[in-house]
Amino acid sequence: MRRRGLVLVAGGAALLAAGGAAYATIPDSGTAVIHSCFNKSTGALRVIDPSKAQSCAVGESALSWNGRGLNFRGSFKDTTAYAIGDVVTLNGGTYVAKTASTGTPPPATAWAVLSSPSYANSVSDSNESNPAVFPIIVGSNLRQIAETGRLPAGNYTVDAQAAAVVDSDAQDFRCDLTDTNGNNANGFAETSGPPDPSSPITEQTLGLTDTFTNEPVNTRIILECVKGNGASPGISEVDSASLTATRIGRVVFNGTTVSVP
């Protein structure tokens, strides 16, 4: 009887050891990925270990997910060792580690983008800073006043201002926004009236805000102004202007880029 008990204990220990060995490879030791098979008829889900040549059968779909989950590590540090699934922030962006690394700042192949860094492109000019260009005389044809540099792909909010000096027929001067792909803003800014009979000219600052979506790489946003047909022949010019295109934030979820405010 004593010998039989020893055999049972030894057998139990062997089972525990085998169970421990199986657990150690689920999730994968290198990637922390859990592999499974989903039965499309019954809805049953079973976990498999590909390292032991286990695979899905006919009628099953392979499913896998990160068994470790995301581990938020705060701001990126060159001296910190990062593992798969670690999440860091750097220069306004948020990144998740695809491979283990140390001293490799994102963006790089070791990292996937969770949210993109903010980006803005601004131009500002005036008669004081650039007298060779300003004032810009505006006639009955659209005249370019300011232009951003080439932009990365994305969605943009655009803010612009133009300091207009116009004749007393003030309601005949307007500015709008466009891009180099032929897309126009939804609205425009127009000088307000009625004219001031006590002065031959009026000075007003026109402000515009709009959104340009799905812009391809190297797009430029343009501020343009025009003097309406039939306006009096007096002076119409822009003495200063500013233009800022700010990329709307992006979040990458399951490989899909989603824009967020």
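The values are calculated or read from the model by the stated rules, or taken from the named source; none is laboratory data. Owing to the predicted nature of the structure, the values given are computational and were not obtained by experimental measurement. Positions of Cβ are backbone-derived with ideal geometry, glycine not excepted, and every protein chain shown enters the neighbour counts. To get the accessible areas, we keep the full protein, side chains included, count just its heavy atoms, and leave off ligands, DNA and RNA. Shrake-Rupley method; radii C 1.70, N 1.55, O 1.52, S 1.80 Å.
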### Message
Which pairs turn up if I take residues in the range 130-141 that are in contact (Cβ under 8 Å) with a residue 60 or more places away in the chain and look for partners that are assigned to a loop (DSSP other than H, G, I, E, B) with beta carbon separation below 7 Å, at least 6 apart in sequence or on another chain?
### Response
Phe134/Asn127; Pro135/Asn127; Ser140/Asn229
### Residue selected from the range 93-106 under the condition assigned to a strand (DSSP E or B), open to solvent by less than 60 Å² (accessible area, probe 1.4 Å) and not hydrophobic (A, V, I, L, M, F, W, C), by the criterion farthest from Pro152 (Cα to Cα)
Ser101
### Query
If we scan the range 240-256, do we find a residue that is under 34 Å from the mean Cα position of the chain (by Cα), at pLDDT 75 or above and charged (D, E, K, R)?
yes
### Query
Which condition number does Val217 fail, the rest of (1) of a type in the set (A, V, I, L, M, F, W, C); (2) outside any loop (DSSP other than H, G, I, E, B); (3) modelled with pLDDT under 90 being met?
(2)
### Task
Would you confirm whether any residue within the range 177-195 is under 14 Å from Ala241 (Cβ atoms) and touching an Asp or Glu at 6+ places or on another chain (Cβ under 7 Å)?
yes
### Task
Filter the range 220-239 down to the residues that are in a strand (DSSP E or B) and among the charged types (D, E, K, R), then identify the one that is modelled with the lowest pLDDT.
Lys227
### Message
I'd like to check which strands (runs of 3 or more DSSP E) are fully inside the range 107-161 and have at least 1 residues that are modelled with pLDDT of 90 or more and of a type outside the set (Ser, Thr, Tyr).
### Response
119-126, 143-147
